[in-house]
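Only one structure is covered here, and it is reproduced in the block below.
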Amino acid sequence: PPPVGAPPVPEIPNPQYGQGSSPGPLGFLRDAWRQAKDPYGFTAMPPGQAPVGAPPPPGAGPAPQLPPGYTSLTAPESNGPPVASPAEGGPPLPPGYYPLTGPPPPGYYDAPAPGPAVPPEGPISPTP
C-alpha cells in the first residue's frame, strides 16, 4: 500500500538546481576546484590588464600608506617605499672559519689516512 499523506520532501522541479556549472554527483567538487584555482577570475581577463577596483565610497579620505614592498591596484599614491636590498657583508669571521663563497679551507680535498689493518684471524683472538 502507498504511504498515507504527502511525501515528506517534495520533488525538486529542476534537478540541476544548486549544481553550479558542472552537472553530476561530483559537480560541486569540480566547481569548487575551479574556484580555488582562480578565486578572483583573473584568467578571464586579457593578458597584461590589471583588475579594476571599485571607487572609494563618498566621503572617504585618502588611502592609507602601504607597507614597504606592497603595491596598490587602485590608489598609486598609497604605495609604500621600495624594498631596500639586504645589507651585504657583516662582521669578520672568527679564526678557523672560512666563507661559504670563498675557496675551501686547506686540506679539504686531502684523503684521510687509512686506518690500521685488521689481522687475518679477525679483531678478536680465539681462546682455547
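Any read-out appearing in this document is the output of simple, stated calculations on the displayed coordinates, not a laboratory observation. Quick caveat, the model's predicted, so the values are computed rather than measured. Neighbour counts run over all protein chains shown; Cβ positions are idealised from the backbone, glycine included.
The slack between V83 and F28, meaning 0.36 nm per residue of separation minus the straight C-alpha distance, is 15.6 nm. Peptides 70-83, 52-65 ranked from most to least packed give 70-83, 52-65, packing being the mean of other C-beta atoms within 10 angstrom over each peptide's residues. Backbone phi angles across the stretch 21-35, fed through the Karplus curve with coefficients 6.51, -1.76 and 1.60 (θ = phi - 60°), yield HN-Hα couplings of 9, 10, x, x, x, 9, x, 4, 5, 4, 5, 5, 5, 5, 5 Hz in residue order; Gly and Pro are listed as x. With all pairs of different C-alpha atoms in the average, the Kirkwood value for the hydrodynamic radius of the chain is 25.9 Å.
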